Amino acid sequence: MEITKEGAIGKIIFWQKITTVVLSLFVLALWGLVGYIIHNNLEYGDYDYIQSGLYLGFCVSMTYMVYLLYQSFSLLQSYQNNQEALDIEMAFNKQRLFWMMGPVLLISSIAVLLFSALFFSFSS
């Protein structure tokens, strides 16, 4: 079975569709959870600006990651329809940004958690 360029791009589009839908559902649930946490903090008068800002920043960056993946997916579909070289170049640029943001978010989340754990352990 020979792998063609069209077949490979079709597989990429298929997997990006699935990934975009799954990540969109995850981000939607994440926004709901963050909204619930912020609502509870406001209700009990336990509002922490830094914590809420970090939650919102994480949600916004996750939403942007899903948007990058969606843009890449739509550019690949556009390339499949009209064979413009710029479309595939921009699609892979968006994918590169998507894959670069993941480790940055993971490392920054771990750093924030460690910093907050150290702060709370030394403050009490």
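Observations
- Averaging 1/r over every pair of different alpha carbons in segment 5-123 and inverting the result gives a Kirkwood radius of 16.5 Å.
- Sum of side-chain charges, Met90 neighbourhood, beta-carbon under 12 Å (Lys, Arg +1; Asp, Glu -1): -1
- Contact order relative to length of segment 5-123, as percent, for alpha carbon pairs under 8 angstrom and 6 or more apart: 25 percent
- Net length available on complete extension from Ala111 to Leu28 is 27.5 nm, with 0.36 nm assigned per residue and the Cα-Cα distance removed.
- nm² value of the averaged projected area, convex hull over the Cα atoms of segment 1-48: 4.4 nm²
- Modelled this way, with points 7 Å down the Cα-to-C-beta line, the labels at Glu43 and Glu2 are 6.4 nm from one another.
- Hz values of 3J(HN,Hα) by residue in segment 48-53 - Karplus curve (6.51, -1.76, 1.60), Gly and Pro given as x: 10, 5, 5, 4, 5, x
Each value in this text was obtained by applying a stated rule to the coordinates, not by laboratory testing. Keep in mind the model is a prediction, meaning the values are calculated, not measured. Here the Cβ is made from the backbone with ideal geometry for all residues, glycine too, and neighbour counts use every protein chain on show.
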